[in-house]
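Enquirer: Have a look at this one before I ask anything.
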Amino acid sequence: MNKAIIFSLFLLFTIGVKAQDARSIPEVEIKDLYGNVFNTANLSNDGKPMVISFWATWCSPCKRELNNIAEEYIDWQDETGVKIVAVSIDDARNMQKVKPYVDGQAWEYEVLLDPNGDFKRLMNVNNVPHTFLVDGNGQIVWQHNSYSEGDEYELYELVQKLAAGESIEH
Amino acid sequence: MKSLKFLLAAVFCSQFFFLKAQEEQKSVGEIHGNFDMTTQFYSIDTVIGAPIVPEKLLMNGFLNLIYTKDRFTAGLRYEAYHNVLQGFDPGYAGTGIPFRYASYRGDRMEITAGNFYEQFGSGLIFRSYEERGLGVDNAMEGIRVKGKIGNGLYVKGVIGRQRIFFAQSPGIVRGADAELNINETFPSLSESKTKLILGTSFVSKYQQDDNVTYILPENVAAGGGRLNLIRGNFSIFSEYVYKANDPSADNGFIYKPGQAIFLSTSYSTKGFGLNLSAKHIDNMSFRSDRNENINNLLITYLPALTKQHTYNLAATLYPYATQPNGEVGFQADMTFRLKRGTWYGGKYGTSVLVNFAAANGLDSTKINDDFTDRQGYKTNLFSAGEEVYFRDFNVEVTRKINKSLKLKASYFNFVFNNDVMKLAGSPGTFFVDIAVLDVLYKFNRTNSLRTEVQGLWTQQDQGNWATFLMEYTLAPHWFFSFMDQYNYGNPINSRRLHYPIFSTGYNSGGNRISVSYGRQRAGIFCVGGVCRTVPASNGVTLSITSSF
C-alpha cells in the first residue's frame, strides 16, 4: 500500500516534470577545509565555467586525475578562468588528512568536505571519481564517471567551449 | 484496487500540473537519479573454495530518484536483490523501497520526514550512513530538524529507528547536536587568524528489556563534546564521548559505562603536510539493538585509525578493523614534495607519503564481579596494554620521469594480530612485508598502459603472494585490464593457485558498463571502519552504473 502511494507520487513527478537538458546544483550544507558550514548553493565562478570533482584520499584514480590537472591548472585558469572545486567524500577516518594532503600536493583548488555523502547523494554520484562541468549560469552541462589517463583533455576541450560561449552537445 | 485508484489520481494530478506548468511556462522542478547494478554468474570452482551457488546467477541493484523544486526535495531508492551477491548479508532478500523522504528548506530551518542519513561531529557518537558497496546502510526513519540560530549556531535534532536490511531496529534513536562557530558569532573575530568551532551532542536509545537473566537499562544515553581549533597552518580536532552503561551481546552484558576520545592535529604548508592522531576506545559498542553484531544497527562510527590502502595485496588480505570493546591507537601521516629540478626531486619533483599506525589492546584489570556489579574490568584513559593488535608502516614515492613515464613505488610492513581480528583463516600474529611497483606509460594523449607488480612476503597464514596487473586505457571511453594473483608461497602445495581475471569497460558521461571474467580471491573489503569478507568466486560479472 505504502509502495503504491510512493510510486504514484513519483509517477506524478516524472510525468509532470518537463524533460530538461541542464540541471542546477542542489543545495545542501557541507563543510570547507576550516570546518565552516558551506552551502553548495553558493558554488559559483562569476559566470565562468566550473568543475566539481568528487574524490577521496583513498581513491587512486581520483588523486591521479586531480594531480594531473594540477600540473595544467595555471594554464587552464589563464586561458578560460575555470575554477575547480574538489569535494572530498572522506569520512572521519581520513577527513583530518585531507588538508595536509591537499597542501602537500600544492593543489590550488577550492576543497570541500562531504564526510557523510550528503552532497554526493544529491548529485547522484555512485562512485568516485565523478566529475561535473558547470556552465556560467550554474547549470551542470556534462559529467564523467571514473578516470583514465588523458580524460582531462576531453574535459578541458569542453571547458574551452563553455568559456568561448559555445554550447555542449550531450 | 486501492493502488489503482492512487495511480489514476496520480496521473490525473500530474496532467493537471503539466498543463498548469505549460500555462505558466515555468519549471515544475527537476528530477535526477542514479542506478547501479552488479550481476555475477558463478562457475563451479572447488579448488579455490568458491561456495556453490544454487541460483548460478545473483544480482544486486538499486535506483535512486530525487525530485527538487525550489525549497522542496523528495526522494526514494528502490533496491533489488535477486538473490543477494556472495559476500553480502543474506538479510538483503527480495525487493523494496527502503528509502524515501521529503524535505523542505526554510530560511533558517530544514525539515526532513522519512529516511535520512546524518552524523554528529565526526560520527563518534552518532552516524547514520550508507556504504552500498559493502552492504552497510543504517539509515534513520523518522524526523530530522536542522536549524541555524543567530550567527554561527547550528542545531540538529533527530528521532527515528535505524534500518536493518528491509526492517527497522527494535530500538528508537533520539539525538540532538549543536555546533557554535565562534568566528561567525562574533563579527570582530571574523577576520581572525584563529578559528574556533565548538560542538556538543546528546544521543539516547530506547529498547525494551528483553533479557530473562538481567535487568537491563531500557534507555541508554551518551553525550559528548568536540573542538576544532585552527591557527594559521596548525589545526587541532578533538572529540570525546561518554556512554552510560549499556549491557550488550558485544560486551558480554557488563554494566560498565563506555568512552571514546579522538585527538588529531595537523600542520601543513604548500608542499608539506603532517597529521598526528590518537584515539582511545573503551566499551563503545553502541547499537539500536543490543543483541546485534558485526556491522548491523551501529549508532556510533568508530573507524580504524590506519591508512586505507588501495593496492589489492595491501588492502584486502590483512586490513585492520576497529575493536569497539577496547583499543588504543596512534597514527602519523606525512606527505611532502621533493623540489623539482634537484637531483633528489628529479625534473618534475617527487611526491612522498609516509604513514605509521599502531593499535594495541587496553591495559585493563579484570574484576571478578560477574554476580554483583558486573563492571567487568578497570582501565585508564590512553593506557595501552601489552597486546599488539596492529602495526602498519608504509611509504609511497611517486616520480614523473618524463612526459610519458611515471613511477610509483610503495613499501608496507604490517603486524596483524588475527587472534583479535579474526579476519583471516589461521590463528596467530602475522608479520607481513609488501612491495609494489606501479609504472604508467603514456603512448600519447589518450592511450596509456599501467602495470603493477606486487609482492607479499610472510611466514604465516597463506604465505607469499604475487600480483601482476596490466591496465590499458583508451581515454575517454575504454579500459581493458588483466590481473593475476598467485599464492606461490602457500605452505600447502595444492593451494599454490593462480587467480587470473580479465576486465573491460566502457564509460560515457555518467554511464559506465564493465564486464569481468575470471577468478576472484577471497578477501576483506573495507571502507572506513567497516569490512566485508567476500568468498572466492569464479565467473562473469557485469556491472552497470548510471547517473542522470
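The values are calculated or read from the model by the stated rules, or taken from the named source; none is laboratory data. Predicted, not measured: the structure shown is a model, and the values here were computed from it. As a convention, Cβ positions derive from the backbone with ideal geometry for all residues, glycine included, and neighbour counts pool all protein chains shown.
Enquirer: Sort through A:78, A:118, A:135 and tell me the only one that's more than 17 Å from the chain's Cα centre (by Cα) and either more than 25 Å from residue B:133 (Cα to Cα) or among the acidic types (Asp, Glu) (or both).
Expert: From the options A:78, A:118, A:135, the qualifying one is A:78.
Enquirer: Could you identify the single residue in B:435, B:475 that is closer than 16 Å to residue B:315 by Cα and among the small types (Gly, Ala, Ser)? I'd like the intermediate steps shown before the answer.
Expert: Values: B:475 fails: closer than 16 Å to residue B:315 by Cα.
Criteria check complete, one pass: B:435.
Enquirer: Could you tell me which of the residues B:448, B:537, B:508, B:547 is surrounded by fewer than 19 Cβ atoms within 10 Å (Cβ to Cβ) and small (Gly, Ala, Ser)?
Expert: After ruling out the rest, the residue left standing is B:508.
Enquirer: Next question. Pick out the one residue from B:159, B:111 that is more than 12 Å from every other protein chain (Cβ to nearest Cβ), at pLDDT 95 or above and within 20 Å of residue B:205 (Cβ to Cβ). Full working, then the answer.
Expert: On the way: B:111 fails: within 20 Å of residue B:205 (Cβ to Cβ).
So the residue among B:159, B:111 that is more than 12 Å from every other protein chain (Cβ to nearest Cβ), at pLDDT 95 or above and within 20 Å of residue B:205 (Cβ to Cβ) is B:159.
Enquirer: Take residue B:454 and tell me if it is under 29 Å from residue B:333 (Cα atoms) and within 14 Å of another protein chain (Cβ to nearest Cβ). Talk me through it step by step, then tell me what you get.
Expert: On the way: under 29 Å from residue B:333 (Cα atoms): yes; within 14 Å of another protein chain (Cβ to nearest Cβ): yes.
So residue B:454 fits the description; yes.
Enquirer: Sticking with this one: Give the stretch B:107-165 a look and list any residue that's in contact (Cβ under 8 Å) with a residue 40 or more places away in the chain and farther than 21 Å from residue B:77 by Cβ, or say none.
Expert: If the condition is that a residue be in contact (Cβ under 8 Å) with a residue 40 or more places away in the chain and farther than 21 Å from residue B:77 by Cβ, then B:108, B:120, B:121, B:122, B:123, B:124, B:125, B:126, B:148, B:149 are the ones that fit.
Enquirer: Mind listing whichever residues of the stretch B:295-342 are at positive phi and free of Cβ contacts under 8 Å to residues at least 12 places away in the same chain?
Expert: Within the stretch B:295-342, just B:341 meets the criteria.
Enquirer: How many of the residues making up the stretch B:164-199 are closer than 18 Å to residue B:122 by Cα and hydrophobic (A, V, I, L, M, F, W, C)?
Expert: Result for the stretch B:164-199: 7.
Enquirer: Quick one: which strands (runs of 3 or more DSSP E) sit completely within the stretch B:244-363 and have at least 1 residues that are assigned by TED's automatic domain parsing to the domain that holds residue B:224 and over 22 Å from residue B:120 (Cα atoms)?
Expert: The strands (runs of 3 or more DSSP E) meeting that bar are B:258-269, B:272-282.
Enquirer: Then there is this: So residue B:520 fits all but one of (1) in contact (Cβ under 8 Å) with a residue 24 or more places away in the chain; (2) closer than 18 Å to residue B:310 by Cβ; what number is the exception?
Expert: For residue B:520, the failing item is (1).
Enquirer: Related question: Those residues that are closer than 21 Å to residue B:511 by Cβ and either without any contact (Cβ under 8 Å) to a residue 12 or more places away in the chain or among the small types (Gly, Ala, Ser) (or both), I need them from the stretch A:106-159; list them, please.
Expert: A:117, A:121, A:124, A:146, A:148, A:150, A:153, A:154, A:157
Enquirer: Could you check the stretch B:479-499 and list, in sequence order, the residues that are within 14 Å of another protein chain (Cβ to nearest Cβ) and either surrounded by 15 or more Cβ atoms within 10 Å (Cβ to Cβ) or under 24 Å from residue B:411 (Cβ atoms) (or both)? Write out each step before concluding.
Expert: First pass over the stretch B:479-499, keeping only residues within 14 Å of another protein chain (Cβ to nearest Cβ): B:479-481.
Of everything in the stretch B:479-499, those that are within 14 Å of another protein chain (Cβ to nearest Cβ) and either surrounded by 15 or more Cβ atoms within 10 Å (Cβ to Cβ) or under 24 Å from residue B:411 (Cβ atoms) (or both) turn out to be B:479, B:481.
Enquirer: For the stretch A:81-94, name all the residues that are over 15 Å from the mean Cα position of the chain (by Cα) and more than 7 Å from every other protein chain (Cβ to nearest Cβ).
Expert: A:81
Enquirer: Restricting attention to the stretch B:529-548, does a residue exist that is closer than 30 Å to residue B:285 by Cβ and among the polar types (S, T, N, Q)?
Expert: Yes; the residues of the stretch B:529-548 include at least one that is closer than 30 Å to residue B:285 by Cβ and among the polar types (S, T, N, Q).
Residues are listed down the side, and each one gets a yes or a no for (1) surrounded by fewer than 16 Cβ atoms within 10 Å (Cβ to Cβ); (2) under 23 Å from the mean Cα position of the chain (by Cα):
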site: B:232; (1), (2): yes, no
site: B:246; (1), (2): no, no
site: B:252; (1), (2): yes, no
site: B:263; (1), (2): no, yes
site: B:268; (1), (2): no, no
site: B:273; (1), (2): no, no
site: B:278; (1), (2): no, yes
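Enquirer: Right, something else. Among the residues of the stretch A:82-98, is any modelled with pLDDT under 95 and touching a Lys or Arg at 6+ places or on another chain (Cβ under 6 Å)?
Expert: No, that holds for no residue.
Enquirer: Within the stretch B:327-342, how many residues turn out to be over 20 Å from the mean Cα position of the chain (by Cα) and more than 16 Å from residue B:415 (Cα to Cα)?
Expert: Counting residues in the stretch B:327-342 that are over 20 Å from the mean Cα position of the chain (by Cα) and more than 16 Å from residue B:415 (Cα to Cα) gives 10.
Enquirer: Quick check on the stretch A:106-147: of everything there that is within 15 Å of residue A:61 (Cβ to Cβ) and polar (S, T, N, Q), which residue is surrounded by the most Cβ atoms within 10 Å (Cβ to Cβ)?
Expert: A:131
Enquirer: OK, next. Restricting to the stretch B:37-57, and then to whatever is crowded, with 20+ Cβ neighbours inside 10 Å and in a strand (DSSP E or B), can you tell me which residue is nearest to the other protein chains (Cβ to nearest Cβ)?
Expert: B:40
Enquirer: Let me ask you something else. I'd like the full set of residues that are among the β-branched types (Val, Ile, Thr) and closer than 30 Å to residue A:23 by Cα, limited to the stretch B:489-548.
Expert: B:513, B:544, B:545 - these are the residues of the stretch B:489-548 that are among the β-branched types (Val, Ile, Thr) and closer than 30 Å to residue A:23 by Cα.
Enquirer: Which one is farthest from residue A:150 (Cα to Cα) among residues in the stretch B:432-445 that are of a type in the set (D, E, K, R) and either surrounded by 18 or more Cβ atoms within 10 Å (Cβ to Cβ) or modelled with pLDDT of 95 or more (or both)?
Expert: At the first step, the residues of the stretch B:432-445 found to be of a type in the set (D, E, K, R) are B:433, B:438, B:442, B:445.
If we keep only those that are either surrounded by 18 or more Cβ atoms within 10 Å (Cβ to Cβ) or modelled with pLDDT of 95 or more (or both) too, we end up with B:433, B:438, B:442.
Values: B:433: 33, B:438: 18, B:442: 9 Å.
Across the stretch B:432-445, the extreme among qualifying residues is B:433.
Enquirer: Does residue A:105 satisfy the criteria of being within 11 Å of chain B (Cβ to nearest Cβ) and in contact with a helix residue (DSSP H, G or I) (Cβ under 7 Å, 6 or more places away or on another chain)?
Expert: When the stated conditions are applied, residue A:105 passes them.
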